[in-house]
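Taken together, the values in this text are just the output of simple stated rules run on the coordinates, not laboratory data. Everything numeric here is computed off the predicted structure, so don't read it as measured data. A quick note on method: Cβ atoms are made from the backbone with ideal geometry, for glycine too, and the neighbour counts reach across all protein chains shown.
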Amino acid sequence: MSINRLNAFKGQFGLEMESLRVDSNGRLSSTDHTKYFKEDNSFISRDFSESQIEMITPPCSTVNEALDFLVNIKNVVLTSIGDELLWPQSNPPILPDESEILIANYSDSDKKDYREYLALKYGRKKSVLSGIHFNLSFSDSYINDLNNNDCESRIEFQNRLYLQVAKYFMKYRWFFIRLTAAGPVFHSSFSDRCVQLVGHDYKENCISEGMQSLRNSLCGYRNNEFLTYDYSSLSNYKKSISTHIDNGVLINESEVYEAVRIKTDDDGNAKYLELRFIDLNPELEHGVNLEDLKFLHMMFVYFSTLEDFEFDESSQIEAEFKSIIANDGTSWKQDDEYNVYDFEAEANDLIKNLENVLAESDIEYYDYSAIIKNIEYRLTPGFGYADKILKGVSTNDYITYHLDKAKEAKKRALMNPYNFYGNESLELSTKILLKSAIKMGVQFKIMDERENFVFLENRTTGQSHFVKQATKTNLDRYGSVLAMENKNVTKYILSKDGINVPKGYAFTSIKDALSAFEDSRNDRLTVIKPNNTNFGIGITILKEPYSRDEYTKAIEFAFEHDDTVLVEEFHSGKEYRFLVIDGEVIGVLNREAANVIGNGKSTIGELIESKNLDPLRGRGYVTPLEVIDMDVILIDYLSKQGLTLDSIPAEKERIYLRENSNISTGGDSIDFTDDVHISYKNKAIRAVSAIGANICGVDMIIQDIEAPADDENHTIIELNFNPAIHIHCYPYIGKNRYAGDKILQALFRGIV
C-alpha cells in the first residue's frame, strides 16, 4: 500500500525522559525535588524516586520540535540543580541501601501510595531504572485517508488502527530494543539478584556477555509475571487489563510494563501510542538520537499500511521470547528445540520492505535513505550503541565513564544557558522568559517568532497573558507606555513628583534650537538628544567649552532621528540601569561603553576583532552582548582622541570606542545590584510609581553608589517601558538576577 505523503507524517509527538540526579561522585542525590521545581510543574516532574527527574514535552507538531523542546527542558534542569548532575544512563549510578532511596514525596496520597506499592513489589533499586518514552499519533487527515470501510465508523477504525500498529511494534520489539539498546553494563550496587546472576569485576562493573539493555532484560523494569492481553479489539484489550487488575496481578493500568502502550482519551478511544523501550544513551549529546526517533516514526507510519494480523497468546509468547534472546546479543542467530531465529535476515527484510514502501510513495518528509543506511550500520555486530559504551567503560569504569558524560552535558548547558533550541531567532530576553516558564511550569505558545510574541498560561489557576518581547505586558497601562516613549513628558511627570531629572529645553524646530545656542552654553547644557530614541541613537555629548559649529552639528544630528530634540545639562558620574518589576528593584547594572584593553602589540582594530570572538557576543539580541561595529561613529570617536583603528594601545591601556554606554552598541554590562546604596533603589521605585508603570528600566546617573542619594549626586535621565532583561541575567561581570522568573511572578501571582 502506498502512503499519502501529504498527510502520512503529520500528527503529534511527545517525549518523556527520566534521569537521576547525582552528586559529583556519582551517588544518588538525597535533595528534595521541590528545592528546585514545583510539584505541579507539567514539564519537570518526578517519577518513582525523589531524585528521579522526569522531563515531559507537550504535544509537538514534528519530531524535531519534540526533541528540541526536550533539550530545552533538560538544559533548564541542568542549570537549575546547583552542583548536581543528571545521570546519562538508564542503568542507575552508585545506589545506597534500598531503604535510603527516597520515594517521591508527592502531596497526593494516591501517587505516594502507588510508589510505596512498587517499592515493595519490585524493589527500590529496580524502580529507579530510567528510560525514554516516545509518544506518536496520526493526524485526523491521515486516518481519514486510510479509512475506506463504509461499514466501520471513523472512531472504530481509529481504535483498530492504533491497536494494529501497537501489535506490530510488540511483534518486532526485539528489533527496536536491539536498535536503541544502550545499557550493557551496570554498577555492583544494583539489585543483588541481578549482580549475583552476572557477577562484577574489581572496578564494580557488572557485564553480562552479550547483554545489550539491562532495562529491557529479565532483570529490567518489567512485570514479575509474563502477562498476555486480548488484542482482538481495543475494548477487549482494556478488558484483559481489567481482568489482571481484578485478579490482583496488577494494581492499576499504570503497572502494565509493556514495550508499547495504547493511550486513550477520556472516552476510552485510542489517542496515541507510547513507545517505552528506548534506553537513555550516554553516547548521544541529548540522550536520544533524532534519526532513531524519525526511524521509529517511519515504522509507525509503515505499520499503518500493512494488513492487520492476529496477535494471540502464542504469538505474544514468541515475541517475548525473541525480545529476550535478541537482547542477549551473543549471536544474530538463535535456535531452541523447536525454532531457529535468524534475526539478521528478519531485520534486513523489515528494513527493505519499509524502504520499498517509502520509495513507492515518493516520501520527501525525511531523508529516509540516509536514516536507513545509519540504522543498518548500527545493526552490524560491534557497531551498536551498547558496543560503544562497553568500549568507553573498558578504558575507565562504569562510574567514571558516565560521570564524565554527565559533566560534559552540564558544561555544555552552562556554557550556552541562553540558547533555546528550535527557536534560535528569538530575542534573548524572550528566550529567558520561556526558560523561566519551563522552570516554573507555565505553559506557552510562540505566536509570532519574528515579533517575539508569546502566549503564557497557568493551567492551575486559569490565568493567561499575551507578552511581546518579554516585558511588554498588560501589567503596564498604555498611557504610561506613551509617556515613557516621550522623554520630555517623562521629565515633566518625574519633576512634578519631586524626582531629580536633568534641566534643559525641548525644541521642535532646528531654527529655535540653534537660536538658543548662547543660553544653552551659559546654562552649561551639553547633552543633545532626540526626544524619542533608544540605544543611544542621535545623542551627542559636547565638551565644554563648545563652539557654535559643534553645537549646530549636534542639533542637526539629533533632528535626523526625531522632530523634537532635548538640550540638557550633563551630570557627572556613571550611568546605571535599574530594572524594576512589580515594585522591586531586580537588578542594577553599569553599562560601560564599548572598549578594548591594549596588549602593546595589537592594533585597536585587531583588539576589537578579538573581543568580538567572545561567544557572549552576537547580533540582534540573541546573545547577552552585542558585537562592536567598526562603523563611522566609532572611527570618528577614535579620531577625537587622536587615534585610528591602526593605533596600538599600550599594555593594559583601556580605549573607549563610543560615547554612549549602550549594550546594543557593544558595551559591557557590570552588575552592581548588591553594591548600590538602598536610597537609589528607592528613588528608582518611586520614579516607576510616578509614571504608573510595573515593568520598567530606570537610567540613573550616580556620582558615588555607596553614598546616600541627595539632591545633587544623582539624576534620572530616562525611563524605559521595554527594558531588556538579558543584561541582568547574563552580565559581562556579575551574577544572574533571574528577571524572567520575576516577570512570571508578577504576571501569575502566587508562583514560587
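Some points to look at:
- Rg/Rh for segment 559-607 stands at 1.16; both radii use Cα atoms, and Rh follows the Kirkwood definition.
- Largest-first principal axis extents, alpha carbons of segment 18-111, Å: 43, 32, 23
- Extent of segment 503-569 along its three principal axes (Cα atoms, max minus min coordinate, largest first): 27, 22, 22 Å.
- Each residue of segment 670-680 was assigned a 3J(HN,Hα) from its phi angle through the Karplus expression (A = 6.51, B = -1.76, C = 1.60, θ = phi - 60°), giving 10, 7, 10, 4, 8, 9, 6, 5, 4, 4, 6 Hz with x at Gly and Pro.
- For segment 672-752, the Cα-based Rg and Dmax, in that order, read 13.7, 40 Å.
- P(r) tail fraction, the chain - alpha-carbon pairs more than 40 Å apart, %: 46 percent
- Local net charge near D83, Cβ-Cβ under 14 Å (Lys/Arg +1, Asp/Glu -1): +4
- CD proxy at 222 nm, helix term only [per DSSP H run n ≥ 4: -39500 (n - 2.57); per residue of the chain; nearest 500]: -11000 deg cm²/dmol
- Around P624: net Lys/Arg minus Asp/Glu count, Cβ-Cβ under 15 Å: +2
- The Cα-based radius of gyration of segment 442-579, divided by its Kirkwood radius, gives an Rg/Rh of 1.12.
- For segment 1-113, the Cβ-based charge dipole about the Cα centre amounts to some 600 debye (Lys, Arg positive; Asp, Glu negative; other atoms uncharged).
- Ranking of I251, I701, I604, I432 by count of other Cβ atoms within 10 Å, fewest first: I251, I701, I604, I432
- Whole-number Å³ per residue for the convex hull built on Cα positions in segment 363-464: 192 Å³
- Restricting the trypsin sites (Lys or Arg not before Pro) of segment 542-620 to loop positions (DSSP other than H, G, I, E, B) with no more than 14 neighbouring Cβ atoms within 10 Å leaves K543, K601, R619.
- According to the Kirkwood relation over distinct C-alpha pairs, the hydrodynamic radius of segment 614-752 is 17.6 Å.
- With a cut-off of 13 Å between beta carbons, the residues surrounding N224 carry a summed charge of +2, where Lys and Arg count +1 and Asp and Glu -1.
- Spherically averaged projected area in nm², based on the convex hull that wraps the Cα atoms of segment 13-415: 20.1 nm²
- In units of the rule-of-thumb radius 2.2 N^0.38 Å, segment 181-339 shows an alpha carbon radius of gyration of 1.19.
- Whole-Hz ³J(HN,Hα) from phi, Karplus 6.51 cos²θ - 1.76 cosθ + 1.60, for segment 436-448, glycine and proline x: 5, 4, 4, 4, 9, x, 8, 5, 8, 9, 7, 7, 8
- Whichever lysines have a C-alpha closer than 25 Å to that of K503, once near sequence neighbours (fewer than 8 apart) are set aside: K487, K491, K511, K529, K543, K553, K574, K681, K683
- Over the Cα atoms of segment 559-673, the radius of gyration divided by the Kirkwood radius equals 1.01; this is the Rg/Rh ratio.
- Long-range amide H partners of R27 with built H, under 5 Å: none
- With the convex hull drawn over the C-alpha atoms of segment 656-713, the volume per residue is 122 Å³.
- Relative to its residue count, segment 445-497 spans a Cα convex hull of 95 Å³ per residue.
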